[in-house]
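Notes for the one structure printed next.
The values are calculated or read from the model by the stated rules, or taken from the named source; none is laboratory data. On a predicted model such as this, the values are computed, not experimentally measured, just so you know. A quick note on method: Cβ atoms are made from the backbone with ideal geometry, for glycine too, and the neighbour counts reach across all protein chains shown. Ligands, DNA and RNA are excluded from the accessible area calculation, which covers all protein heavy atoms including side chains. Shrake-Rupley method; radii C 1.70, N 1.55, O 1.52, S 1.80 Å.
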Amino acid sequence: MIHVDYQKLRGLVQDVFERAGCNRDEAERIGRYLVESNLAGHDSHGVIRVPRYVNWLKEGKVVANQTPEVAMDTDVITVVDGKSGFGQSVGPFAVQMGIDKAKKNGASIVAIRNSGHLGRIGDWAEMAAAAGQISIHFVNTTGLGMLVAPFGGAERRMSTNPIAIGVPREGTWPLILDFATSIVAEGKCLVALSGGKPLPKGALIDGDGTLTEDPLVIYGKFDSSQPLDNRSGSGAIRAMGEHKGSGLSIMCEFLGGALTRGGAAQKDENKLLNGMLSIFMSIEAFDAGHFFGDEVKRYVDFVKTAKPAAGVDEVLLPGEPEMISRAKRKAEGVPLTENAWESILETARAVGVPESDLKGLEV
Amino acid sequence: MAYKHESVERLVKAIFAHAGSDDREASIIARHLVEANLVGHDSHGVIRVPSYIDWMGKGQVVANQHASVVFENDAIAVIDGNFGFGQVVGEEAMEIGIAKAKKSGVAVTALRNAGHIGRIGDWALMATDQKLISVHWVNTSGAGILVAPFGGSDRRLSANPMAAGIPVDGGEPIVMDLSTCVIAEGKIKVALNKGVEVPENAIIDGHGNPTRDPNAFYADPVGAILPIAGHKGYALSVVCEVLAGALSGGHCSHPDNPNAKGVTNGMFTLLLDPAKFVGGSAYAEEMERFVKWVKASPPITPGGEILMPGDPESRTKADRLANGLPLDDKTWNQLLDTAGQVGLSQAEIMELVA
C-alpha cells in the first residue's frame, strides 16, 4: 500500500485534467471531489477513477468545460441537462440551484439528466448540509454502469444506483447516508480486483445463478496491460437486502432515469451518464418552533448509547466512518494499492505531466 | 380458514363504531386494515384490531380527530394528526399533499402525531391513483422501538417503513413498501401466533445473540430486530426518524416521549407530478421499456419469474378477493373477543360475519 499526501494528490489530479483539456476551475473541482472520496474512505469513487475519466474525455464520452442547460425552471422545480459535461461541474451547478430555491420556497426538486459521472453522491448531500439544508438524492445511469441483477434474476438490469441523504446538525458534522443499493458499488469490485479489500461473501451472482465474491465474474479477465471492461463478465452484483434493495434500485431508475428523462438503464450504452433526482429542504420552513435541532441531538445520543454488539467498540452514526477516515487520511496520507497508483502515474505521464512532478508525492 | 373480505370488513367496522368512532371513521379504518390483508401484508391487517381498541380505551389514540395544518405554502405542509386514527389523518394529509403536487408539480408533507398509519403502500397507491409519484418515510415516536442500530445490541429505532409509488399508464402501479428492518414486528407476532420460526438473521435475543425463536423476541430482556442490509438499512432507518420524527415536529423514537406508550407515527411524504417534469409520453414509454427489460432477466430458479415491486401484492389481492382472507384461528378468535368486549352481542357478530 502506498500513502500519498492528499493535497499533493489533489494538485496532481488537477494537473492531469488541465493537461487533458479541462479549464482550471473544472480541473480543480475534479481533483477536489475525487480526493474527497478517498479521504472519506470511499476509494471506489476516488482517484482510482482518473485513468477512466481521462480515457472517456479522449473518446468524447465526457465533454470538458460544458455549460449545463436549464431545461425547466419553476419556483420549486429545476431540470438540468448536463450535456455530457463532467459531473463535478454539472453537480455543483444544479445542486446550488436547488439550494437557492429551497431557501426561498421551503423545498425544491432538481432533476439532472445526461451528466457525466457524478462521483460520490454524499458530496451533494454535504453541499446542501453546509447550506443548512436536508437533501435526498436518487441516482441512476443510462446503462453503461448496468451491473446489478433484480431480485430473483441472474442478469444485469440496473446500475448500482446510489441513494444519499444529508441532515445538517448545529455545531457539528452532518449526518450523511450514502450507499449503493447494490451490496457493493462497482468501485469496490475494482478495489478487490486490484488486490484491495475482498468483497463480502455472496455479493455477486454468476451468469449461471451461483452466488460468488470473485470480481472476475464482473470483468471476465484481469490483464494489467488492457483497460478493464466491466461489460466482459457474465455475472452481476446483487441488490442489498434482497427484494428490498432491489425495489429501491428500481425506484432509482424511475426517479433518476425516467422522471429526469435521462433514461433508465438499457443495453449497449457506451458512455457513463448519470441521472439524479434531488430534493432540498430548508429546515426553518418546517421548523418554526425550533424543535428540530434539539430533537436530532437527543435522538443521536439515544442511538449512540445503544449497548455495542460483541466485538464492536462503538455504535457509529451515518457519516461517522467517513469523518473518522477523513481525519486519519489527512494526517497519514491517502492509501492506494500499487496497481491503482501506477495506473494514475501512467495516465499522468500520458497527458504530459513531467516526471519531476511525479516525485515526492508519497508520504 | 378463509373468510369473505366483506364479512371481515363489516365486523371490523362494527367494532370501531361500537368503540366510539363515527360511521365514516369506522369505515375508513376497516377498509384500510382489510386492504392490508387482501394484499398479503397480514402483519398490518385485522390482527391489529385488539391493539387499536386497547389504545383507544387508554386514550393513546383518539376517535374522530382530523388532521390540522400547522404551516403550509405552495410546496410544503406541516400537518398535525392530533393523535387521531392514522387511517383518517393519513388520508387527510395525503389529500393536502396531492392537491399541492398537482398545482406545483412537487409537494412535501410532514405529518406528526398520527395514530398508527398502517400499511404505507396504501398511501403510495393513493398517490398513484392520482397519477403522482410518491415516496414516504415513516417513524414512530416511541412505542414501536424494536430495532438495534448497526453494531448495537438493543432497541433504539422503530421498524421505520419506506414506501414509493410509481403510476403506470394503463397498468398496475409499481409500489415499493418495505420496513427498514429485516422483518416487521407484525410478522414476528404472526410467527408467534402460528408457532413457527422467524427467518435467519432477522432478530437477536435480549443478549445480542442471533435467534429464530419468536418467543425470544418477547422474553425478558427483550430481543431486537436487525436492520436490512447492515449499515445501509440502519442509515435509512435513522433518516426515517429524522424526517418523519424531528422534521415533522413530532418525535424520534425514545422511550421517555410523552406519547411513547401508544403507537404515534410521523410520515414524511414527497409527491411529484411526472406530467410536470416530462412532456408528452416520454415518461410512460420509458417506464414500459424498463419494466419489460427488467422482467426479462433470466430467473435464478428454473420456472421462476422476476416481479416488479407491488406485483406480489396485486396477485395476492386478486386471489384473496376470489378465495377469501386466510386468518389463523388465534387472530380470528382475538377479533371475536374484541367484538364482544366493545359490546357486540353474539347474535350481532354472527349476523355480521354471515
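GNM remark for chain B: springs join alpha carbons under 10 Å apart, and the peak mean-square fluctuation among B:Asn265, B:Asn113, B:Asn201 falls on B:Asn201. Comparing the full protein assembly with the isolated chain (1.4 Å probe, heavy atoms, ligands and nucleic acids excluded), the residues of region A:55-81 losing at least 30 square angstrom of accessible area are A:Met72, A:Val76, A:Ile77. With helices as the sole contributors, the protein assembly as shown gives -12000 deg cm²/dmol at 222 nm; each DSSP H run of n ≥ 4 counts as -39500 (n - 2.57), and the sum is divided by every residue.
When A:Glu322, A:Glu346 are compared by accessible area of protein heavy atoms, the largest-first order is A:Glu346, A:Glu322, using a 1.4 Å probe.
An oblate overall shape is assigned to region A:195-276, the ratio a/c of its alpha-carbon gyration tensor axes (a ≥ b ≥ c) being 1.5 or greater and a/b not exceeding b/c.
Taking the charge dipole of the protein assembly as shown about its Cα centre, with +1 at Lys and Arg Cβ atoms and -1 at Asp and Glu Cβ atoms, the residue from A:Phe280, A:Gly166, A:Val217 reaching farthest to the positive side is A:Val217. Packing order of peptides A:198-210, A:347-359, highest average first: A:198-210, A:347-359 (average count of other Cβ atoms within 10 Å over each peptide's residues). Per residue, region B:185-226 exposes 52 Å² of solvent-accessible protein surface, assessed with a 1.4 angstrom probe and all protein chains in place.
The mean count of C-beta atoms from other chains within 10 Å of the C-beta of residues in A:129-139, rounded to a whole number, is 1.
Its Cα centre serving as origin, chain B has a Cβ charge dipole (Lys and Arg +1, Asp and Glu -1) of approximately 360 debye.
For chain B, set up a Gaussian network in which alpha carbons nearer than 10 Å are linked by springs, and say which option among B:Ser68, B:Ser158, B:Ser43 fluctuates the most. Top of the fluctuation ranking is B:Ser68. Note on the protein assembly as shown: with charges restricted to the Cβ of Lys and Arg (+1) and Asp and Glu (-1), its dipole about the Cα centre is near 700 debye. Computed with a 1.4 Å probe on the full set of protein chains, the accessible area for B:Glu172 sits at about 120 Å².
Between A:Asn65 and A:Gln266, the C-beta separation translates, for a Förster distance of 35 Å, into a calculated FRET efficiency of about 0.80.
Element breakdown for region B:102-171 at a 1.4 angstrom probe: carbon and sulfur atoms account for 49% of the accessible area. Contact residues in region A:299-318 by the 50 Å² criterion (accessible area, 1.4 Å probe, full protein complex versus chain alone): A:Tyr299, A:Phe302, A:Lys307, A:Pro318. Just to confirm my numbers, what's the Cα centroid distance between region A:173-251 and region B:62-128 in Å? First find each Cα centre; the distance between them is then 39 Å.
Determine, from the Cβ-Cβ distance of A:Arg19 and B:Asn215 and an R0 of 56 Å, the FRET efficiency 1/(1 + (r/R0)^6), rounded to the nearest 0.05. Efficiency for this residue pair is about 0.25. Taking a ≥ b ≥ c as the square roots of the eigenvalues of the alpha carbon gyration tensor, region A:52-143 is prolate, as a/c is not under 1.5 and a/b beats b/c. For the pair region B:162-189 / region A:57-73, the C-alpha centres are spaced 37 Å from each other.
Chain B packed on chain A takes about 6300 Å² of accessible surface away from a 1.4 Å probe, both sides summed. Put simply, when A:26-39, B:129-142, B:326-339 are sorted by average Cβ atoms within 10 angstrom per residue, most first, you get B:129-142, A:26-39, B:326-339. Normalised by 2.2 N^0.38 Å, where N counts its residues, the alpha-carbon radius of gyration of the protein assembly as shown equals 0.96. Across A:Ala40, A:Ala71, A:Ala306, mean-square fluctuation computed from a Gaussian network of chain A (C-alpha pairs under 10 Å connected) peaks at A:Ala306. Under Stokes-Einstein, with the Kirkwood radius over Cα pairs as Rh, the value for chain A at 10 °C and 1.306 mPa s is 76 µm²/s.
When the solvent-accessible area of region B:185-226 is split by element, carbon and sulfur atoms take up 48 percent of it, the probe being 1.4 Å.
Projecting the Cα atoms of B:Ile188, B:Ile225, B:Ile204 onto the charge dipole of region B:185-226, computed from C-beta unit charges around the Cα centre, puts B:Ile188 farthest toward the positive end. Taken residue by residue and averaged, Cβ atoms of other chains lying within 10 Å of the Cβ of A:189-197 number 0.
For region B:41-137, the square roots of the Cα gyration tensor eigenvalues, ordered a ≥ b ≥ c, give a/c of at least 1.5 with a/b no greater than b/c, which places it in the oblate category.
Only Lys, Arg, Asp and Glu carry charge here, each on its Cβ (+1 for the first two, -1 for the last two); on that basis region A:15-173 has a dipole of about 300 debye about its Cα centre.
For peptide A:145-157, the mean count of partner chain Cβ atoms within 10 Å of a residue's Cβ comes to 5. Expressed as a whole percent, the accessible area of chain A that falls on carbon and sulfur atoms is 49 (1.4 Å probe).
Rg over Rh for region B:247-354 works out to 1.13, using Cα positions for both radii and the Kirkwood form for Rh. Label sites at A:Glu242 and B:Gln130, each approximated as a point 7 angstrom past Cα along Cα to Cβ, lie 3.4 nm apart. Taking all protein chains into account, the per residue accessible area for chain A stands at 37 Å² (1.4 Å probe). Rg and Dmax over the alpha-carbon atoms of region A:186-326 stand at 20.4, 62 Å. Here the calculated FRET efficiency for B:Ala347 and B:Asp256, from their Cβ-Cβ distance with R0 = 35 Å, stands at 0.15, rounded to the nearest 0.05.
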